[in-house]
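The values are calculated or read from the model by the stated rules, or taken from the named source; none is laboratory data. Predicted model, so just to flag it, every value in this text is computed and none were measured. Please note: Cβ atoms are built from the backbone with ideal geometry, for glycine as well, and neighbour counts cover all protein chains shown. The accessibility values were calculated without ligands, DNA or RNA, using every heavy atom of the protein model including side chains. Shrake-Rupley method; radii C 1.70, N 1.55, O 1.52, S 1.80 Å.
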Amino acid sequence: MADDELPTEWLRAVLPLAVLSAVAEEETYGYAVAQRLQTAGLGAVKGGTLYPVLNRLEADGLLTSSWREGVGGPGRKFFAATDAGRDHLQRRAAAWHTFTERAAGLFPSPRSTR
């Protein structure tokens, strides 16, 4: 399935958890998060979509941020997961897996003629 075939409502539903997961891997900045999401097959996530998610996660205490000087360019806002963010990620990821397994049980297999 091509990136442009993924329903936007699916991405909207999983984006906060996917962003939190990307930041929990390592302290990083917005553009690198967008690249990570695209590499994972979620398609191109524009800044106008990504940065409000990052800001909400920070407001909820799941991320922290700090500005750093850029090397040969502008400064960047780096994000890091908090302990609460990592705990939230573990709980929500487990719930997501349970949800998607249950939902998948209702759908025909891609190879099915059902």
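Residues checked against (1) hydroxyl-bearing (Ser, Thr, Tyr); (2) out of contact with any strand residue (DSSP E or B) (no Cβ under 7 Å at 6 or more places or on another chain):
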residue: 7; (1), (2): no, yes
residue: 11; (1), (2): no, yes
residue: 15; (1), (2): no, yes
residue: 26; (1), (2): no, yes
residue: 31; (1), (2): yes, yes
residue: 36; (1), (2): no, yes
residue: 40; (1), (2): no, yes
residue: 53; (1), (2): no, yes
residue: 65; (1), (2): yes, no
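Kindly provide the set of residues from the stretch 65-114 that are touching a Gly at 6+ places or on another chain (Cβ under 9 Å) and charged (D, E, K, R), ordered by number. 68, 69, 76, 77 - these are the residues of the stretch 65-114 that are touching a Gly at 6+ places or on another chain (Cβ under 9 Å) and charged (D, E, K, R). Kindly establish whether residue 83 is among the acidic types (Asp, Glu), without any contact (Cβ under 8 Å) to a residue 60 or more places away in the chain and surrounded by 10 or more Cβ atoms within 10 Å (Cβ to Cβ). It is false that residue 83 is among the acidic types (Asp, Glu), without any contact (Cβ under 8 Å) to a residue 60 or more places away in the chain and surrounded by 10 or more Cβ atoms within 10 Å (Cβ to Cβ).
Sub-9 Å Cβ pairs linking a first residue in the stretch 92-111 that is open to solvent by less than 100 Å² (accessible area, probe 1.4 Å) to a second residue that is outside any helix (DSSP H, G or I), at least 6 apart or interchain, are 108/114, ordered by first then second residue. Could you please let me know if residue 41 is small (Gly, Ala, Ser), without any contact (Cβ under 8 Å) to a residue 60 or more places away in the chain and open to solvent by 80 Å² or more (accessible area, probe 1.4 Å)? When the stated conditions are applied, residue 41 does not pass them.
Assess whether residue 92 counts as being charged (D, E, K, R) and either within 16 Å of residue 15 (Cβ to Cβ) or not in a loop (DSSP other than H, G, I, E, B) (or both).
Details: charged (D, E, K, R): yes; either within 16 Å of residue 15 (Cβ to Cβ) or not in a loop (DSSP other than H, G, I, E, B) (or both): yes.
It is true that residue 92 is charged (D, E, K, R) and either within 16 Å of residue 15 (Cβ to Cβ) or not in a loop (DSSP other than H, G, I, E, B) (or both).
Suppose we keep only residues that are over 20 Å from residue 89 (Cα atoms) and out of contact with any Phe, Trp or Tyr (no Cβ under 9 Å at 6 or more places or on another chain) within the stretch 50-75. Which one would you say is most open to solvent (accessible area, probe 1.4 Å)?
69
Six or more apart or on different chains, Cβ under 6 Å: which pairs go from a residue in the stretch 52-74 that's more than 20 Å from residue 87 (Cβ to Cβ) to one that's surrounded by 15 or more Cβ atoms within 10 Å (Cβ to Cβ)? Could you list them? Within 6 Å, the pairs are 66/78; 68/76; 68/78; 70/76. Is it the case that residue 88 is open to solvent by 60 Å² or more (accessible area, probe 1.4 Å), closer than 14 Å to residue 17 by Cα and either among the charged types (D, E, K, R) or at pLDDT 95 or above (or both)? For residue 88, the condition - open to solvent by 60 Å² or more (accessible area, probe 1.4 Å), closer than 14 Å to residue 17 by Cα and either among the charged types (D, E, K, R) or at pLDDT 95 or above (or both) - is not met.
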